[in-house]
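Right, one structure below, let's go through it.
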Amino acid sequence: MLKIKLHWQILIALALAVLFGYFIPSGVKYVSWMGVLFLRALKMVIVPLILSSIISGVTSMGGGKNLGRLGLKTMTYYISTSTLAILTGLLLVNIIRPGVGVELGFTETVEGLSEKSASLYDVVMRIIPENIFESMVNADILPIIFFAILFGAFISQVDNKYSTFLTDFFNAVFEVMMKVTMFIIKFTPLGIFGIVAREVARNAEQLANLAGSLAIYMITVFLALGIHAFINLPILLKFVGKVNPVKHMKNMATPLLTAFSTASSSATLPLTMEAVEHKSGVSNKITSFTLPLGATVNMDGTALYECVAAMFIAQVYGIELTILQQLIIVVTALLASIGAAGIPMAGLVMLTVILTAANLPLEGIGLILAVDLILDMSRTTLNVWSDSCGAVIIAKSEGEELNV
Ligand code: ASP
């Protein structure tokens, strides 16, 4: 049988889905079930995969000292790359000034958005779960990570008899979950076809907007995302990680295309873990720690987008921002990207936090709603790309031999 590489299959599926959704929107109901099933399958593996992967990763780390060092490196990477992304966005939005001269008048109303926006305080507090099972039921990733790290770290503290059993047990669960993930990955082209055809059919009218006054805003976001993805992060890969960025990007083709199609870093997480571990050759110890954390905490694309969107809104409303206000946007964009969940449109919801902090009109969100889907897909791709680069750079700094 003709064997086409998976990422080519996905690309073909993506192209066909766009054509299908655009030209035969009435036929979408016959294919959208494939997307629904694919997303359900991915969500099905997330909780057991994260739990077993982190526990087995932490137990193989041996000792809290290693864990602390890895934690510090990971957080340093997350915060510095997200800040770099925000500054890239800030620079471009100040040069291009996409909001200057845009007519107000096509504002859509956004109801209930402010109730949905979680305060940062809540997000931080919720890292410690009241009830770990409730967190698992809700697939609330941060508390699951917290519990898994704690559980894994204390496995080494109990009697040898128990610790060997638990280590073996969670390693075994992890191996099986990885196999299940690899099985699901085979269906990615079909799943993506279903998801994208439906989204294209649903948003076909709004495609007209893309050419309108929002075009320059979108181009600004795309350019900034592109600079961070193709210049900033590859430079880090090359000079800090001392690896081949092109090779790593090729290895990541499947998760990146999936991130683009699903607009969810969390749903993509199983595929990201599989690719970083099996293709780029990073150990489970590092992937299990950095990637689940990265999927919710490290969002370079979201951080960059929030900064550009807030600045755009200020420009449209003719509000001149002082340096201090711009600084507030930078800091809150960083915090909001950390607090945003890895699900579609989370970034848009978190934008309310920034607008409130910088004293900008919340209705501004209505302006950018029409083009949020395509920007969400793009920023999610960068989010996942940055997570994977982080895993590689940290693995190299720990002296691992990789395939990139
Ligand atoms: N959809 C993004 C993600 O899952 C979050 C966002 O809306 O910016 O990474």
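The values are calculated or read from the model by the stated rules, or taken from the named source; none is laboratory data. A quick note: this is a predicted structure, and the numbers were derived from the prediction, not measured. We place every Cβ from the backbone using ideal geometry, glycine too, and count neighbours over all the protein chains shown. Areas reflect the complete protein model, heavy atoms only, side chains present, ligands, DNA and RNA absent. Shrake-Rupley method; radii C 1.70, N 1.55, O 1.52, S 1.80 Å.
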Looking at segment 70-100, which of the residues that are over 20 Å from the mean Cα position of the chain (by Cα) and open to solvent by 70 Å² or more (accessible area, probe 1.4 Å) is nearest to ALA309 (Cα to Cα)? ARG97
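If the requirement is being within 24 Å of the chain's Cα centre (by Cα) and open to solvent by 70 Å² or more (accessible area, probe 1.4 Å), which of these qualifies: LEU42, LEU37, LEU14, LEU6?
LEU37
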Filter segment 237-292 down to the residues that are within 16 Å of the ligand (Cβ to nearest atom), assigned to a helix (DSSP H, G or I) and of a type in the set (Ser, Thr, Tyr), then identify the one that is farthest from ASP376 (Cα to Cα). THR290
So which pairs qualify, if the first residue must be in segment 377-395 and closer than 20 Å to PHE222 by Cβ and open to solvent by less than 10 Å² (accessible area, probe 1.4 Å), the second must be outside any helix (DSSP H, G or I) and more than 13 Å from the ligand (Cβ to nearest atom), the Cβ gap must be under 7 Å, and the two must be at least 6 apart or on different chains? TRP385/MET252
Residues within segment 230-256 that are open to solvent by less than 30 Å² (accessible area, probe 1.4 Å) and of a type in the set (A, V, I, L, M, F, W, C), tallied: 6
ALA333 fails exactly one of (1) away from the ligand (no atom under 14 Å from the Cβ); (2) assigned to a helix (DSSP H, G or I), namely (1)
Scanning segment 123-142 for residues that are assigned to a loop (DSSP other than H, G, I, E, B) and farther than 15 Å from SER266 by Cα gives ARG126, ILE127, ILE128, PRO129, GLU130, ASN131
Residue that is farthest from the ligand (Cβ to nearest atom), among those in segment 343-401 that are over 28 Å from THR76 (Cβ atoms) and assigned to a loop (DSSP other than H, G, I, E, B): ASN359
Restricting attention to segment 281-320, report how many residues are open to solvent by 20 Å² or more (accessible area, probe 1.4 Å) and of a type in the set (A, V, I, L, M). 2
